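A.B. asks: One structure follows; several queries about it will come next.
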């Protein structure tokens, strides 16, 4: 029996991925050998990659990389949103607003999500960075978002995450 609880689900998230974020090391390990099956959307310490046709190249009726999968996959249904270096600090926002029928079964504790995102950030930016992690539904994130809106004059009609500067 597979340890992957998603195999019994008919949603097949791995067959309709928009993109995932991986470190350079993860890209080299998991996706470089299958470079023709992915598109790099954003390059840098953290790469955002999309799967051609929406299907992960490691999915063939089941995940062929499940036991050692990339952090973003292990994190699911939490998902990173923005990861940006600001001097020695790396700000990473994350959420769990994904559509998943077994979300409550899969959802890791917030402490585990923070541990995984910290590992991803440190792998990408090196051990000397200082990760700052914000869950997008946390009060401090909402406070920062309101301050940004007030300072930029965008008003309350803007509902998205904090944009790139």
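A.B. asks: What order do you get for 40, 90 when you list them from fewest to most C-beta neighbours inside 10 Å?
C.D. replies: By the 10 Å Cβ count, ascending, the order reads 40, 90.
A.B. asks: Go ahead and set up a Gaussian network model of the chain, Cα springs under 10 Å, then flag whichever of 144, 120, 91 fluctuates most.
C.D. replies: Of 144, 120, 91, the most mobile in the Gaussian network model is 144.
A.B. asks: Find how many whole Å separate the alpha carbon centroid of the stretch 21-38 from the alpha carbon centroid of the stretch 83-115.
C.D. replies: Distance between centres, Cα-based: 21 Å.
A.B. asks: While we're here: So between residue 50 and residue 115, what do we pick up on full extension, going 0.36 nm a residue minus the alpha carbon distance?
C.D. replies: The residue 50-residue 115 span can extend by a further 21.0 nm.
A.B. asks: Over the stretch 29-160, what relative contact order in percent results from Cα pairs under 8 Å that are six or more residues apart?
C.D. replies: 18
A.B. asks: Dividing the alpha-carbon Rg of the chain by 2.2 N^0.38 Å yields what?
C.D. replies: Computed over Cα atoms of the chain, the ratio equals 1.09.
A.B. asks: Determine the calculated [θ] at 222 nm for the chain from helices alone, applying -39500 (n - 2.57) to every DSSP H run no shorter than 4 residues and normalising by the residue count; nearest 500 deg cm²/dmol.
C.D. replies: Mean residue ellipticity, 222 nm, calculated: -7000 deg cm²/dmol.
A.B. asks: Fewest first, what order do 18, 23 take by the number of other Cβ atoms within 10 Å?
C.D. replies: By the 10 Å Cβ count, ascending, the order reads 18, 23.
We did not get these values from a lab; they are worked out from the coordinates using the rules stated. Owing to the predicted nature of the structure, the values given are computational and were not obtained by experimental measurement. Don't worry about glycine lacking a Cβ; one is built from the backbone with ideal geometry, like all the others, and counts go over all protein chains shown.
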